[in-house]
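The values are calculated or read from the model by the stated rules, or taken from the named source; none is laboratory data. Quantities reported herein were computed from a predicted structural model and do not represent experimental measurements. Methodologically, a virtual Cβ is constructed for each residue, glycine included, from the backbone with ideal geometry; neighbour enumeration extends over all protein chains shown.
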Amino acid sequence: MAGKVEASASTSANARLDADLVWFCLPDREIAAVSQALASLIDWRRKTAFHSSGALASDELKALRRRGAAVASVHPMMTFVSGSIPSLKGVPFAVEGDAAAVRVARQIVKCLGGEAFTIRKQHKAAYHAWGAFASPLLVATLVTAEQLARSIGLSAAQARDRMLPIVRQTLANYEALGPAGAFSGPIVRGDAEVVRKHLQVLRNAPEARDVYLALARAALRYLPAQNRAKLKGMLERRLFRKLLV
């Protein structure tokens with residue numbers, strides 16, 4: 001990767017750190033310690049420092065702030081995995097921190113094609129949990145579905161191939177029609193007997209059953225449903241019996 005952007009590797013012993021902006025892209029647990037280690041190496045006055053954590057506030061860089069830097073947290077709500085390079089066009093960036101650093105962040109986000117928005121530091125953890133539902137936990141839901149498909153004789157790869165059409169259409173419906181318009185299946189129809197059959201077969205897949213119960217209860221709370229009282233009672237009884245086991 002360094003070669004692709006004509007960069008070179010360095011260590012704290014030989015890093016020049018002469019840029020006006022230093023952006024810390026580290027695991028959350030390491031941000032404060034690394035910034036502390038670098039704080040005394042150079043004059044941080046008139047410099048800007050960012051970190052890219054979605055869950056932590058700009059205060060993780062307080063060691064640099066004390067040395068004169070303007071600091072901010074700048075986090076794109078986007079998934080980054082090995083083997084994929086997503087576009088940043090239209091991607092929202094949550095920005096929080098010192099006023100001078102926030103101004104710089106907004107300019108950079110605009111140059112990247114993203115859209116900056118302000119977030120309060122006390123809301124960072126909730127913001128990051130929101131993002132978790134939108135991507136990694138969505139993948140966890142899909143892989144749970146894969147495991148259930150194996151019980152009917154499909155491989156994980158076959159399950160993925162056969163799920164993708166409905167997954168893609170569901171996301172397209174969600175975008176075009178919103179959550180209520182995209183919601184289908186036995187809950188919206190109020191078909192309690194089908195839900196009961198789902199729960200029966202899921203007794204043999206306890207992790208999938210837990211996911212199903214949690215999402216079905218969320219659906220009853222946030223989405224349209226017929227026969228709501230019967231469905232709610234069924235889901236609550238099943239959950240209560242599970243807790244007694």
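List of remarks:
- The numbered conditions (1) more than 30 Å from Leu138 (Cβ to Cβ); (2) touching a Gly at 6+ places or on another chain (Cβ under 7 Å) are all true for Pro76 except (1).
- Test result for Leu64, in contact with a strand residue (DSSP E or B) (Cβ under 7 Å, 6 or more places away or on another chain) and under 25 Å from Arg106 (Cα atoms): yes
- Filter result for Leu17 (modelled with pLDDT under 95, surrounded by 12 or more Cβ atoms within 10 Å (Cβ to Cβ) and part of a loop (DSSP other than H, G, I, E, B)): yes
- Condition check for Ala182: touching a Ser or Thr at 6+ places or on another chain (Cβ under 7 Å) and modelled with pLDDT of 95 or more: yes
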